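Novice: So that we are looking at the same thing, I have put the structure below in structure tokens.
Where a number appears in this text, it was derived from the coordinates with a stated rule and is not lab data. Because the structure is predicted, anything quoted here is derived from the model rather than measured. Here the Cβ positions follow ideal geometry from the backbone for every residue, glycine too, while neighbour counts run over all protein chains shown.
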Amino acid sequence: MPNLLIRKSYEREIVKQLSIVVVSSTILFALDVPKDHIASTEWLGSNIGKENVVIVDTRAMKDYVKGHIPGAINIPKKMYFQGKLGSVEKLPTTPEQLQEMYQKAGIDDESAIIFYSGGKNSVDFADAASGVWNSWIYGLQNVALLNGGYAKWVHEKKKTSTNVPTPTPSELELETYDIQEVASINDIFAAIYDEDKQIADARVSKFYRGEDDRKDLARHGRIPTAKLTPMIRYVKKKGDYFTVLDKKEVKAVLYNNSFGVELDKPIYFYCNSGHKTRGIWFVAKFLADVKDARVYDGGIIEYSRSNMPMGTGQPMD
């Protein structure tokens, strides 16, 4: 009998050790995206097809079906702008909407999600950044943006596909909302009069000065105290594709010899509808290491309908 007890105890210990090995292996082989949340084409090429890697093409369906990165699923840019508040559209996709989208795409809370855009112009990297931001605020933070997008992938003659995958639906449940990444209109009102908080305009100068004719704006101009920091400054053209600037360059452009923003203070970014804002949020947070970078997703479309002042023309300071 004692020998039997010793044997059973030994077997339990073996099972325990095997369980530890299995758990450790799971942790060891769970893939994390690069620390700066920028994935190179080389990184993706070496990790494509791994179990928890999900590649998301944010281009329009008509472009996706002509060719895409093998295994990529299509969730176009517009799907990250489904929210609505009164007459203001393009607010964040709601958790219910994003959860349903991601469940259909087979995304779960263990997925490493790589978003890519076309990479053909100076603004479309914000399409992929929109996917990153929407995922991030709802707790899915193992996410990255493919630097150079599809254009760089094709330029390097990497394999493409026209096969449309059929993912196995997941049981993802979104239970988190990171308010630290979002600025409300009330936050913007308060920041106008708070010297310790900064407001930054991600649009080009004609919108900043109020010289545009955009129809969905009730008034034209900028939020008072806002610094001009166009999102298009944070990419550079390399042949037939665009890549995001490196960390040193992003910090220099944001600071702009003290004419831009200070990197150690909270920054609330905005544009017209929230698209470019998500692009500049990405570079500020992950490349410039801004600790408090927030998206005012209502943008000037919402702000222009308030009774708060608007700035126009060239700033006097």
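Novice: Using per-residue counts of other Cβ atoms within 10 Å, averaged over each peptide, order 70-76, 109-115, 48-54 from highest down. Write out the running numbers ahead of the final one.
Specialist: Numbers: 70-76: 19.3, 109-115: 21.6, 48-54: 14.3.
Descending mean neighbour count gives 109-115, 70-76, 48-54.
Novice: Right, another one. What number comes out for the charge environment of residue 171, summing +1 per Lys or Arg and -1 per Asp or Glu over other residues with Cβ under 11 Å away?
Specialist: Details: positive: none; negative: 108, 109, 173.
Local net charge: -3.
Novice: Students often forget the sequence filter, so: which aspartates and glutamates lie under 17 Å Cα-Cα from residue 215 once same-chain residues fewer than 8 apart are removed?
Specialist: 89, 302
Novice: Mind checking the log10 I(q)/I(0) for the range 31-155 at q = 0.15, 0.17 Å⁻¹? Debye, one equal scatterer per Cα, no solvent, two decimals.
Specialist: For the range 31-155 at q = 0.15, 0.17 Å⁻¹, log10 I(q)/I(0) is -0.63, -0.81.
Novice: While we're on this one: Quick one: of 35/248; 78/265; 197/251; 66/157; 157/248; 50/276, which pairs are farther than 20 Å apart, Cα to Cα?
Specialist: Over 20 Å apart, Cα to Cα: 78/265; 157/248; 50/276.
Novice: Report the Cα-based extents of the range 179-303 along its three principal axes, largest first, to the nearest Å.
Specialist: 39, 32, 27
Novice: Which ³J(HN,Hα) values in Hz, rounded to whole numbers, follow from the phi angles of the range 219-228 under the Karplus curve 6.51 cos²θ - 1.76 cosθ + 1.60, where θ = phi - 60° and Gly and Pro get x?
Specialist: Along the range 219-228, the couplings run 9, 10, x, 10, 6, x, 6, 5, 8, 7 Hz.
Novice: When only C-alpha pairs under 8 Å and at least 6 residues apart count, what is the relative contact order of the range 31-155, in percent?
Specialist: 32
Novice: Per Stokes-Einstein, at 37 °C and 0.692 mPa s, what whole-number D in µm² s⁻¹ belongs to the range 205-244, with the Kirkwood radius over Cα pairs as the hydrodynamic radius?
Specialist: 268
Novice: Hey, what do the phi angles of the range 284-291 turn into as Karplus ³J(HN,Hα) couplings, whole Hz, using 6.51/-1.76/1.60 and θ = phi - 60°, x for Gly and Pro?
Specialist: Result, ordered by residue: 5, 6, 9, 10, 9, 6, 6, 6 Hz.
Novice: Would you mind calculating the relative contact order of the chain from Cα pairs under 8 angstrom and at least 6 residues apart, reporting the percent as a whole number?
Specialist: 18
Novice: Using DSSP to define loop residues, name the trypsin sites (Lys or Arg not before Pro) in the range 125-203 whose beta-carbon has at most 16 other beta-carbon atoms within 10 Å.
Specialist: Counting only loop positions with at most 16 other Cβ atoms within 10 Å, the trypsin sites (Lys or Arg not before Pro) in the range 125-203 are 157, 158, 159.
Novice: Suppose we look only past 38 Å in the calculated P(r) of the chain. What percent of the Cα-Cα pairs does that tail hold?
Specialist: 21
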